[in-house]
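J.: One structure follows; several queries about it will come next.
Every number here is computed from the coordinates shown, using simple stated rules; none is lab data. Note that the structure is a prediction, hence the values are computed from the model and not measured. We place every Cβ from the backbone using ideal geometry, glycine too, and count neighbours over all the protein chains shown.
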Amino acid sequence: MKKLPAVQEFIDGILKQDIALLSRAITLVESTVAEHQQLARQIIEGVIAHSGKSIRIGITGVPGVGKSSFIESFGLHVVGQQHKLAVLAIDPSSQISKGSILGDKTRMEQLSVHPRAFIRPTPSSGSLGGVARKTQETIMLCEAAGYNYILIETVGVGQSETTVHQLTDFFLLLMLTGAGDELQGIKRGIMEMADALVITKADGSNIDKAKAARAEFAMALHLFPAAESGWVPEVKTCSSLTNEGIAEVYEMIEKYRRHSAINRYFEKKRTDQARYNLQQLIDEQIRAKFYNTPGISEKIKSLEQLILQNKMSPYTAVEHLFVQ
């Protein structure tokens, strides 16, 4: 097994924007090995003062909406503005093999080789909704390495949108044309979280449909309560094929950044992110300590049998687990 670099070597390398050491540090963050987790914590402590200087953008959308194509087009525009971009693509992991579908790098052919871009497909390891448990730490490492635009792509299912919304500054919902049908399939809660909606694939024969969808979504958004940020969500159209509308999406996000800085909502959102991350880690530690309690596995198995035999309710069983 290849020997791991020392903690200070990792810290110095990340601050010098060494991509190889950044990648290895993220691998340590994702690892379940106790020694790796301890090393990852020390690295994060060493670079945390250099994190936070970015805008964190969550991107989600229905399957087939073209998230990867959009991210490549948008990402190329971002790096063209002399920013450094990190893309954290949260991949669905197999519940059987625990492997992941690491396809985003191959789909983002131009962006993946750009010197100012870093793409990291991250296996979700069965985390709720497909969002990796260590995304927050990965964001910090990328920021410390000088990446000032962080895109987090969700798998677009279940609870993942809610979690990514909690971890980001700006939440972008990608939609297809045919707004009437699509509105039926989108949860109201996800639309309420969105800071902007972007209708993708607005090219060729789809242009008129995209304009109609834009009008319908704009009307739907006006029915929602005003956002705490004071920002009025916008609806844009774009084409990753022709790059039409991509610059407008970038300008809209920059406008949001200025707006939220002036009214200090950006600062409040970062406080909320830190609080959310702390609560998640506390919950994680409580669960770990509970399940590692000596004899707890056997106790759970015996209570399961009583529940299956209808001799005890699940509620009573849980109470028994916490009796000293």
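J.: Where in the chain are the DSSP H helices whose alpha-carbon span along the long axis reaches 15 Å or more and whose Kyte-Doolittle mean is at least -1.0?
T.: Details: long enough: 19-30 (16 Å, 1.56); 34-47 (20 Å, -0.36); 67-80 (19 Å, 0.61); 207-221 (21 Å, 0.30); 246-262 (25 Å, -0.40); 265-291 (39 Å, -1.31); 296-308 (18 Å, 0.38).
For the chain, where a helix must reach 15 Å along its axis and average at least -1.0, the hits are 19-30, 34-47, 67-80, 207-221, 246-262, 296-308.
J.: Right, next: Given the options G58, G245, G204, which has the most mean-square fluctuation in a GNM of the chain, springs set between C-alpha atoms less than 10 angstrom apart?
T.: G204
J.: Also, I was wondering about something else. Quick one: F290, F70, F266, fewest Cβ neighbours within 10 Å first, how do they rank? Mind dumping the intermediate values first?
T.: On the way: F290 11, F70 24, F266 18.
Listed from fewest to most nearby Cβ atoms, that is F290, F266, F70.
J.: May I pose another question? Restricting to bridges with both residues inside the chain, how much of the DSSP beta-bridge set is antiparallel, in percent to the nearest 5? Show your work: numbers first, answer last.
T.: On the way: 1 of 31 bridges.
Once the DSSP bridges in the chain are tallied, antiparallel ones form about 5 percent.
J.: Along the charge dipole of the chain, Cβ charges K/R +1 and D/E -1, which of G204, L241, T271 sits furthest on the positive end?
T.: T271
J.: Could you list, bin by bin from short to long, the percent of Cα-Cα pairs of segment 1-50 in 10 Å steps?
T.: With 10 Å bins starting at 0, P(r) equals 28, 62, 10, 0.
J.: Amide H of A89: which non-local residues (sequence gap of 5 or more, or other chain) have their own amide H closer than 5 Å, using H built in the peptide plane?
T.: R120, T122, E153
J.: Which entry is the computed Cα extents along the principal axes in Å for this structure: (1) 64, 53, 41; (2) 62, 52, 37; (3) 58, 48, 32?
T.: (1)
J.: I've got another one for you. Name the residue, out of Q273, Q136, Q38, whose mean-square fluctuation peaks in a Gaussian network model built on the chain with Cα pairs under 10 Å.
T.: Its mean-square fluctuation being the largest, the pick is Q38.
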